[in-house]
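What follows is calculated from the coordinates using simple rules that are stated; it is not laboratory data. In this text the structure is predicted, and so the values were computed from the model without any measurement. Cβ coordinates were reconstructed from backbone atoms using ideal geometry, including for glycine residues, and neighbour counts include every protein chain displayed.
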Protein chains: 2
Amino acid sequence: MRIDMIHGNGGKQTSSLINDIFIKYFSNKVLNRLEDSAIVSVKGKIAFTTDSFVVSPIFFPGGDIGKLAVCGTVNDLSVMGATPKYLTVGFIIEEGIELDTIDKIANSMAMAAKEARVKIVAGDTKVIEGTGGIYINTSGIGEVEKAGISISNCKPGDVILLSGNLGDHQATILSQRMNMDNKIISDCAPLTSIVQNLIKESITIRCMRDITRGGLATVLNELASASKCGVDIEEDELPVSKEVRDLCTELELDPLYMANEGKMIAVVSKRQAMKALDIMKNSRYGKNAKIIGTITEGSGVMITSKQKGSRILEYMHDEGLPRIC
Amino acid sequence: MRIDMIHGNGGKQTSSLINDIFIKYFSNKVLNRLEDSAIVSVKGKIAFTTDSFVVSPIFFPGGDIGKLAVCGTVNDLSVMGATPKYLTVGFIIEEGIELDTIDKIANSMAMAAKEARVKIVAGDTKVIEGTGGIYINTSGIGEVEKAGISISNCKPGDVILLSGNLGDHQATILSQRMNMDNKIISDCAPLTSIVQNLIKESITIRCMRDITRGGLATVLNELASASKCGVDIEEDELPVSKEVRDLCTELELDPLYMANEGKMIAVVSKRQAMKALDIMKNSRYGKNAKIIGTITEGSGVMITSKQKGSRILEYMHDEGLPRIC
């Protein structure tokens, strides 16, 4: 059975869609009340964020738009030092999509939410004309466990950690679109464990960011600009899988500008850098973590490799791939 | 200048769009930090909700998709007895849209947010292929001022108030799509004043709902079902403007199933009904408020008029208009 425009009219058919699929997978006391807002309790300061997902294709090795939508928002909360608690989901569905497809996506969202220990407490569904596509917005709130984490907090001497291999997600989407035969899998995952372990072990975290559109290069430039400092990166230290490295060579791509969906950087004091690295390496999704550079007195991002020497690492200009997330 | 796919890549062009338009209109201390999540403080219990907007046309008499997106989410928070505090905004923009159009929409959102006293604290922008359309998700949190307001709370003997004329928003969208020459204007508005005045004057509110997709008939059926009670409505008491009435006669539509975007029902105890009506009538956007019926021991929704006698008012089936909000 397929979705048609009538599923979006707010009447009986919308109600069936909500009950037969969304409530089935997302069921919890707050959501099931189907009030106009969810009523929840949260302690202390709140982190609040939103993200819309338009990735194409909808399904890809390592995930799908549903898993991505949950992990993306969970990660934006986590990297602000918050424990993700509640999500809302807004579906914009194109007519013609199979109900089975929506069922699979909802199931995948429910599994990701379970892993990240968040509840989906409110939702909305709209149907538009089209050819079977789907767009998902997730918004989330979390309890701030560690205050003062900010992109503007980095200080000269601080050390930059990267939680794992660069470029996996974008390389996956690109491979799917180009029908390439390789073993690349999206890194789409919740970063809650890494973050919570760093906080639990009392690491003084200056700043964390997940690496998405624009890649590591964009995150580092934003950080340098917001903290009014410089960034020095060792290119030879950057972890990239052999498969992604091969793809980049073949297509003349730079993993520094490619999107991940389950990687982050953390900036910590020099004193705690080795301890933080150890925590990351022992956390889920962090085993390839590396120390990749330091914060300096200067400005902008400088990258150095033995072979190529030093160069300035610019913001991304035109390299981005449309509908990567 | 028009949006192209590159505005969605997360690099320099996305950043320009954010700074040149969104920050210009939505500017506040929390948003301007451009962190991965907004950090905010909220007292007590939280109302949390989401809504996506896909209305077509984007601009219509009385509002546009931006005003609608702010009011819709503000209203979903308000009718749960919460004071709306913070919104997030997720834009999904089709390539080809004029930057001026986005500018107008953002301006309109900022004005609606100002009236409703909410701050836009986080956002996200994606660009997809298409022909100049735009979809907006708004999610919001509010402080619960009055706990226990719920669609399942109505009791036999309670009185149902309606805040004003039915059908204005849907009649507006329909008139625009059919190029009809009339003076119908969307009622798109924040219901914060009505709700806050009812709370301030200590009205014991059992339930409130704003009337959107599915119209009054759908809201009343949801209420009867959730509260396990019946609803009796006096059709002759329902306020409908002459213009909307004429349109309905011409197109054989029923205002009971038509969407509003600035109307609500409130269910209150019989003892406080007249006082509540008086408060509504003296609140902004409430001057045509009416007592329209009562909660009964039975089940389902019964509607009675002098001319037509009594009949059961069903859930909406196929009458809905696509992309009304």
B:ARG245 paired with B:ARG117, simple spin-label distance in nm, labels 7 Å along Cα-to-beta-carbon: 3.7 nm
Filter on B:LYS29/B:LYS67; B:LYS263/B:LYS306; B:LYS270/B:LYS306; A:LYS200/A:LYS275; B:LYS12/B:LYS114; B:LYS67/B:LYS126 - keep pairs with C-alpha separation over 18 Å: B:LYS29/B:LYS67; B:LYS263/B:LYS306; B:LYS270/B:LYS306; B:LYS12/B:LYS114; B:LYS67/B:LYS126
Cα-centred dipole magnitude for chain B, charges only on beta-carbon of K, R (+1) and D, E (-1), debye, nearest 20: 1360 debye
Distance from region A:198-248 to region A:21-40 (C-alpha centre basis), Å: 37 Å
Packing-based exposure ordering (other Cβ within 10 Å, fewest first) of B:THR296, A:THR49, A:THR192, A:THR125: B:THR296, A:THR125, A:THR192, A:THR49
Degrees separating the helix B:65-78 axis from the principal Cα axis of chain B, which is the longest one: 50 degrees
Efficiency of FRET between A:ARG284 and A:MET178 - r from beta-carbon atoms, R0 22 angstrom, step 0.05: 0.10
Simple label model, 7 Å out from Cα along Cβ direction - B:MET1 to A:LYS155, nm: 3.9 nm
Dipole-positive endmost among A:ASN288, A:CYS71, A:GLY157 within chain A (Cβ charges, Cα centre): A:GLY157
Cβ-based net charge around B:LYS119, under 11 Å, with every Lys or Arg adding one and every Asp or Glu removing one: +4
Only Lys, Arg (+1) and Asp, Glu (-1) charged, at Cβ; the protein assembly as shown dipole about Cα centre in debye: 2680 debye
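So, R0 is 41 Å and r is the distance between the beta-carbons of A:SER56 and B:SER225; what FRET efficiency does that work out to, to 0.05? Could the numbers behind the result be given before it?
Numbers: r = 39 Å, r/R0 = 0.94.
According to the calculation, E is roughly 0.60.
Taking 60 Å as R0, compute the FRET efficiency from the Cβ-Cβ separation of A:THR304 and B:ASP318 and round it to 0.05. If you can, show how the numbers build up before the last one.
On the way: r = 66 Å, r/R0 = 1.09.
E between A:THR304 and B:ASP318, to the nearest 0.05, is 0.35.
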Ranked A:SER283, B:SER52, criterion: other C-beta atoms within 10 Å, fewest first: A:SER283, B:SER52
Most positive-pole-ward Cα, A:ILE303, A:LEU238, A:ILE194, against dipole of region A:159-312 from beta carbon charges: A:ILE194
Using a 7 Å Cα-to-Cβ projection, B:MET111 label spacings across copies, nm, ascending: 4.8
Restricting region A:36-103 to trypsin sites (Lys or Arg not before Pro) in coil, as DSSP defines it, with at most 12 other Cβ within 10 Å: A:LYS43
Spin-label model distance (nm) - B:ALA147 vs B:LYS104, 7 Å beyond Cα toward Cβ: 4.6 nm
DSSP-loop trypsin sites (Lys or Arg not before Pro) across region A:261-325, with at most 14 other Cβ within 10 angstrom: A:ARG284, A:LYS287, A:LYS306, A:LYS308
Taking A:CYS325, A:CYS207 and counting other C-beta atoms within 10 Å, the order from fewest to most: A:CYS325, A:CYS207
Distant-in-sequence amide H partners of A:MET264 (H built 1.01 Å from N, under 5 Å): A:SER163, A:GLY164, A:ILE211
Helix-only mean residue ellipticity at 222 nm for chain A, each DSSP H run of n ≥ 4 adding -39500 (n - 2.57), per residue, nearest 500: -8500 deg cm²/dmol
Sequence-distant residues sharing a close amide H with A:SER241 (under 5 Å, placed H): A:LEU166
Descending principal axes extents, region A:5-144, alpha-carbon based, whole Å: 43, 35, 20
